[in-house]
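Enquirer: Before I ask anything, here is the structure I am working with.
The values are calculated or read from the model by the stated rules, or taken from the named source; none is laboratory data. These numbers were taken from a predicted model, which means no experiment stands behind them. A quick note on method: Cβ atoms are made from the backbone with ideal geometry, for glycine too, and the neighbour counts reach across all protein chains shown. Each accessible area value is taken on the protein alone, full model and side chains, heavy atoms only, with ligands, DNA and RNA left out. Shrake-Rupley method; radii C 1.70, N 1.55, O 1.52, S 1.80 Å.
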Amino acid sequence: MEAINKLFKSNIRQYGMIIALIVIMILFTVLTGGLLVKPINITNLILQNSYILVLAIGMVLVIITGHIDLSVGSIAAFVGAMSAIMMVNWELPAWVAVIASLVIGGLIGAWQGFWVAYVKIPAFIVTLAGMLLFRGLTMIVLEGQSISPFPTGFTKISSGFVPNLADTATNLVAILAGLAFTVLFILNELRGRREQLKYKFEVSSSGLFIFKLVAIAVVLNLFTFMLASYAGIPNILVLLFVLILAYSFMMNKTVMGRHVYALGGNEKAAGLSGVKTKKVTFWVFVNMGVLAAVSGLIFAARLDAATPRAGTNFELDAIAACFIGGASASGGIGTVFGAIIGGLVMGVLNNGMSLIGLGIDWQQGIKGLVLLLAVAFDIYNKNKRVA
């Protein structure tokens, strides 16, 4: 028991939100009579929250550096509008329009990153201006009208599924993927534990380690079985998985990731240590612009239309996901995995409250309260460690 308490305290940000997610899921499963965990609803949860999760991955990097980006919803809307103009009005091939849209997102990120990094205008002001600017441009290029439909191949980004291996009721690809990821996860954990023991680092007890492996393996295979019971693995889940792996690796294993954390921890100290703080800030905003473009494309593909009101409040949901997932408002702290967990907490709350018939007024109030409590929890733990 002492080992469990110690492990929990040392990872309280990460484990606290995972436990909160589990509790929320159990609560709404009971309140909805099991509807929340039906295979079709699990799939819908992924599809409905995919564009917010993509934004949260980029936003957590921005927050770690000590900045904020209020413009991502407007950028997503603008990029979605431009993609519709290119694919529907100009009849360009989908792959050309997608690449051009990502370039547009990167250029927007570079524009904002320049003002923040080199002119030293606070990110709050720059991105607030960007939110207004790109929302206005979206309305201008769309002329107040929606553009649709997109080519079928493009919409499959958000509505398509990985093809099955055979004509079976249960999707074999999802089942095999769950088993394969379980094996890879266990092997990676065993390798990491061996390395820690080799260098005489403190590790959890063998019993606790085995319990962790079994628990995660069960959850992973239960999740893929639910997907297999409906239509299989959504295409968008594959994209999310790749992004999570890539950005987690970048933040934990590369020099760039270390520099992002160093910049957020103490900008002056990072500069004196040789970190090119302006360059890091600039590229973090470029990255945010590209991911906002990805989010805009996903949302447009899901709606099968580009609309002037697309992206509304996306920035608030992405920021909330990061803070709920353990990112610190003062910078220097946060993880990609934590942001994803925070996004799922928000997504399950939205979905669960809708299923039990709560009105939008109650939903907004409860989400605001959850965000406030999450940040208060973060500050309490920080003060407790200092004391």
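Enquirer: Given (1) part of a helix (DSSP H, G or I); (2) closer than 28 Å to Ala97 by Cβ; (3) open to solvent by less than 40 Å² (accessible area, probe 1.4 Å), identify the lone condition not met by Gly192.
Expert: (2)
Enquirer: Only one of Gly264, Gly232, Gly274 is touching a strand residue (DSSP E or B) at 6+ places or on another chain (Cβ under 7 Å) and either surrounded by 18 or more Cβ atoms within 10 Å (Cβ to Cβ) or free of Cβ contacts under 8 Å to residues at least 60 places away in the same chain (or both); which?
Expert: Result of the check over Gly264, Gly232, Gly274: Gly232.
Enquirer: Among the numbered conditions (1) within 30 Å of Pro149 (Cα to Cα); (2) at pLDDT below 90; (3) touching a helix residue (DSSP H, G or I) at 6+ places or on another chain (Cβ under 7 Å), tell me where Gly325 comes up short.
Expert: (1) is the only condition that Gly325 fails.
Enquirer: Another question, then. Kindly evaluate Leu208 against the criterion of being exposed (fewer than 15 other Cβ atoms within 10 Å of the Cβ), aliphatic (A, V, I, L, M) and modelled with pLDDT under 85.
Expert: Yes.
Enquirer: Sticking with this structure for a sec: Do any helices (runs of 4 or more DSSP H) lying entirely in the range 312-387 carry at least 1 residues that are open to solvent by 40 Å² or more (accessible area, probe 1.4 Å), of a type outside the set (D, E, K, R) and in contact with a Phe, Trp or Tyr (Cβ under 8 Å, 6 or more places away or on another chain), and which ones are they?
Expert: 336-355, 360-386
Enquirer: Can you find, within the range 218-229, the residue that is nearest to Leu172 (Cα to Cα) among those that are open to solvent by 40 Å² or more (accessible area, probe 1.4 Å) and out of contact with any Pro (no Cβ under 6 Å at 6 or more places or on another chain)?
Expert: Phe225
Enquirer: List, please: which pairs have Cβ atoms under 8 Å, are six or more places apart or on different chains, and start with a residue in the range 366-377 that is within 18 Å of Ile333 (Cβ to Cβ) and modelled with pLDDT of 85 or more and end with one that is among the hydroxyl-bearing types (Ser, Thr, Tyr) and open to solvent by 50 Å² or more (accessible area, probe 1.4 Å)?
Expert: The qualifying pairs do not exist here.
Enquirer: Among the numbered criteria (1) surrounded by 24 or more Cβ atoms within 10 Å (Cβ to Cβ); (2) β-branched (Val, Ile, Thr); (3) modelled with pLDDT of 95 or more, which one does Val280 miss?
Expert: That leaves (1) as the condition not met.
Enquirer: Right, here's the next one. Across the range 235-261, which residue is farthest from Phe154 (Cα to Cα) among those that are free of Cβ contacts under 8 Å to residues at least 60 places away in the same chain and open to solvent by less than 60 Å² (accessible area, probe 1.4 Å)?
Expert: Among them, the one singled out is His259.
Enquirer: Name, by its number, the condition in (1) touching a Leu at 6+ places or on another chain (Cβ under 9 Å); (2) of a type outside the set (Gly, Ala, Ser); (3) not in a helix (DSSP H, G or I) that does not hold for Met251.
Expert: (3)
Enquirer: I'm trying to understand the selection: among the residues of the range 180-199, which are among the aromatic types (Phe, Trp, Tyr) and either without any contact (Cβ under 8 Å) to a residue 12 or more places away in the chain or farther than 23 Å from Val218 by Cα (or both)?
Expert: Correct list: Tyr199 only.
Enquirer: Among the residues of the range 130-146, which ones are in a helix (DSSP H, G or I) and free of Cβ contacts under 8 Å to residues at least 24 places away in the same chain?
Expert: Gly136, Ile140 - these are the residues of the range 130-146 that are in a helix (DSSP H, G or I) and free of Cβ contacts under 8 Å to residues at least 24 places away in the same chain.
Enquirer: Hey, Ala174 hits all of (1) in contact (Cβ under 8 Å) with a residue 60 or more places away in the chain; (2) under 20 Å from Ser158 (Cβ atoms); (3) open to solvent by less than 50 Å² (accessible area, probe 1.4 Å) but one; which does it fall short on?
Expert: (1)
Enquirer: Same structure again: Suppose we filter Leu47, Leu128 for residues that are open to solvent by less than 50 Å² (accessible area, probe 1.4 Å) and of a type outside the set (D, E, K, R); which single one remains?
Expert: That would be Leu47, the only listed residue that is open to solvent by less than 50 Å² (accessible area, probe 1.4 Å) and of a type outside the set (D, E, K, R).
Enquirer: Which of the residues belonging to the range 147-162 are open to solvent by 70 Å² or more (accessible area, probe 1.4 Å) and in contact (Cβ under 8 Å) with a residue 24 or more places away in the chain?
Expert: Residues satisfying the conditions are Pro149, Lys156.
Enquirer: Could you tell me whether Val98 is touching an Asp or Glu at 6+ places or on another chain (Cβ under 7 Å), assigned to a helix (DSSP H, G or I) and in contact (Cβ under 8 Å) with a residue 60 or more places away in the chain?
Expert: Answer is no for this residue.
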